[in-house]
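Peer 1: The following block contains the structure, expressed as structure tokens.
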Amino acid sequence: MMEELISIVIPVYNVKPFLRTCAESVFAQTFRNLEILFIDDGSTDGSGEICDELAAQDPRVRVIHQPNGGLSDARNTGIEACTGKWIYFLDSDDAISPVTIAHLWTACIKTRADVAVGDFLRFSTQEVPQERRSFASESFGTEEALRRMLMNEGFGHQAWGKLFNRQLWSVLRFPKGLLYEDYAVIYDVMLGASKVAKVSDALYFYRMQEGSIMHSSIGEKNLSLLDTSARVTQMLPEHYPALRGPAVRLQVVTWLRFLSDMLETDYKLFPDVQKRIIDTLKSYRKEFLGMKDVRKVDKLKFRALMRGKWLFYLMYRASDAKKK
């Protein structure tokens, strides 16, 4: 079977300690017909120079240097510059298994899917984990794939780690200036897929770092998450009515977590936003509490919030303490 050209888009910004490890994992791919795009987004630590050195090592590498515009801007540059039939996003502090592209592409070809999704492993050491090698795959229709994304059943909201038919990105782009930019566009992209393939084993290695968005305090930029999750709840049932329940469930759980983080940052932070969250969640009270696939602890947190913000906050802190 002739290998189709696959473009790997790698945004780069001040990742000098990790960039070569990322690049080596790409150069080691068993799938060879690659276009490797490093988008240097105004790095100031020498990462841009490393990109140029990598281009001298491998003729498949292209480097684009641009002023700093953020992750979305760098990815969008890659989308517009790439020429492959397929596109894969890889963050420059992460790494992938040597067989990642081969297995995702094979899954797409065998199942005639427009997207292939693999699992991922988190790591925080200098040593990249080793992949597991069963690589069982299956495929799903668009509605079922979206349901699994909403229910967090092996399909994440992130763009990295997924192989896309590039046509899915012919119009869509990552929104600039937002945090959670993947969440803001991934459901729109997946709606365009006729079928989605799932490879069951870890093919992407996600590096955990201190100070990441998921482990930082709440600020004004984080508020975009509320609008994004609300838009998903409104949008998906317009295409697939059966997704109303899973979408509401995800929004409620997301907003509960968000409110808890706000209170942890500053109990009086953004009072208008807190009121919006509480009022919106109240409107979902009957629907959410009537769901059978919601964890008991999430229903307890919801009920606590309905009784008062302080009780909710204490319950959330107690729940998180048990996890530690």
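Peer 1: Who wins for biggest fluctuation among Ala102, Ala184, Ala145 in a Gaussian network model of the chain, springs between alpha carbons below 10 Å?
Peer 2: Among Ala102, Ala184, Ala145, the largest mean-square fluctuation in the Gaussian network model of the chain belongs to Ala102.
Peer 1: Any idea what the relative contact order of region 31-96 is, in percent, if you count C-alpha pairs under 8 Å spaced at least 6 apart?
Peer 2: On the way: 62 pairs, mean separation 25.0, N = 66.
The normalised contact order for region 31-96 reaches 38 percent.
Peer 1: Fewest first, what order do Ser319, Ser194, Ser224, Ser260 take by the number of other Cβ atoms within 10 Å?
Peer 2: Working: Ser319 14, Ser194 11, Ser224 17, Ser260 20.
Listed from fewest to most nearby Cβ atoms, that is Ser194, Ser319, Ser224, Ser260.
Peer 1: Using only the alpha-carbon atoms, what does the chain span along each of its principal axes? Please give whole angstrom values in decreasing order.
Peer 2: If we take the Cα atoms of the chain, the spans are 62, 43, 36 Å.
Peer 1: Separate question: Of the candidates Arg60, Arg244, Arg295, which one comes out as most mobile in a Gaussian network treatment of the chain with C-alpha springs shorter than 10 Å?
Peer 2: Answer for the Gaussian network model of the chain: Arg295.
Peer 1: Taking 0.36 nm per residue of sequence separation and subtracting the Cα-Cα distance, how much length would be gained by fully extending the chain between Glu264 and Ala230, in nm to one decimal? Don't jump to the answer; show the numbers that get you there.
Peer 2: Working: separation 34, 0.36 × 34 = 12.24 nm, distance 2.25 nm.
Using 0.36 nm per residue and subtracting the Cα-Cα distance, I get 10.0 nm.
Peer 1: Next up: Say the cut-off is 30 Å between C-alpha atoms; which of Lys275/Lys299; Lys198/Lys301; Lys195/Lys286 go over it? Numbers along the way, then the final one.
Peer 2: Working: Lys275/Lys299 20 Å; Lys198/Lys301 33 Å; Lys195/Lys286 34 Å.
Among Lys275/Lys299; Lys198/Lys301; Lys195/Lys286, the Cα-Cα distance tops 30 Å for Lys198/Lys301; Lys195/Lys286.
Peer 1: Which of rounded, prolate, oblate describes region 217-323, given a ≥ b ≥ c as roots of the alpha-carbon gyration tensor eigenvalues and a/c under 1.5 marking rounded, otherwise prolate only if a/b is larger than b/c?
Peer 2: Details: a/c = 1.94, a/b = 1.29, b/c = 1.50.
Cα axes put region 217-323 in the oblate bin.
Peer 1: Let me ask you something else. Taking R0 as 22 Å, what's the FRET efficiency between Asp45 and Gln209 from their Cβ-Cβ distance, rounded to 0.05? Don't skip to the answer; put the middle values down first.
Peer 2: Values: r = 15 Å, r/R0 = 0.67.
The pair Asp45/Gln209 has a calculated efficiency of 0.90.
Peer 1: For Glu143 and Ser124 in one chain, what is 0.36 nm times their gap in residues minus the Cα-Cα distance, to one decimal in nm?
Peer 2: Values: separation 19, 0.36 × 19 = 6.84 nm, distance 3.46 nm.
Taking Glu143 through Ser124 to full extension adds about 3.4 nm, to one decimal.
Peer 1: Percent relative contact order of the chain, based on C-alpha pairs within less than 8 angstrom and at least six residues apart?
Peer 2: Values: 521 pairs, mean separation 53.2, N = 324.
It comes to 16 percent, rounded to a whole number.
Peer 1: Please state the Cα pair-distance histogram of region 60-197 with 5 angstrom bins from zero: what percent is in each bin?
Peer 2: Here the calculated profile for region 60-197 is 2, 9, 19, 22, 21, 16, 8, 3, 0.
Peer 1: Could you state the angle between the C-alpha long axis of helix 224-239 and the longest principal axis of the C-alpha atoms of the chain, as a value from 0 to 90 degrees rounded to the nearest 10?
Peer 2: Relative to the chain, helix 224-239 is tipped by roughly 90 degrees.
Peer 1: Return the lysines within reach of Lys16: Cα separation strictly under 22 angstrom, same-chain partners fewer than 8 residues apart disregarded; answer none if there are no such residues.
Peer 2: The reachable lysines, counting only those whose Cα sits under 22 Å from Lys16, number zero.
Peer 1: Shifting gears a bit: How far, in degrees from 0 to 90, does helix 296-307 lean away from the longest principal axis of the Cα atoms of the chain, to the nearest 10?
Peer 2: Taking the Cα atoms of the chain, the angle to 296-307 is about 50 degrees.
Peer 1: Still on this model: Output needed for region 212-274: three equivalent-ellipsoid semi-axes, defined as square roots of 5 times the C-alpha gyration tensor eigenvalues, in descending order, whole Å.
Peer 2: On the way: eigenvalues 131, 22, 21 Å².
Ellipsoid half-lengths, sorted descending, are 26, 11, 10 Å.
Peer 1: Once the piece of chain linking Leu172 and Ile64 is laid out straight, how much longer is it, given 0.36 nm per residue of separation minus the C-alpha distance between them?
Peer 2: Working: separation 108, 0.36 × 108 = 38.88 nm, distance 2.07 nm.
In short, 36.8 nm is gained.
Peer 1: Whole angstrom only: what separates the Cα centroid of region 39-69 from the Cα centroid of region 89-130?
Peer 2: Between the Cα centre of region 39-69 and that of region 89-130, the gap is 22 Å.
All of the numbers you see were taken from the coordinates with simple rules; none came from a lab. Remember, predicted model here, so these are calculated numbers, not experimental data. Please note: Cβ atoms are built from the backbone with ideal geometry, for glycine as well, and neighbour counts cover all protein chains shown.
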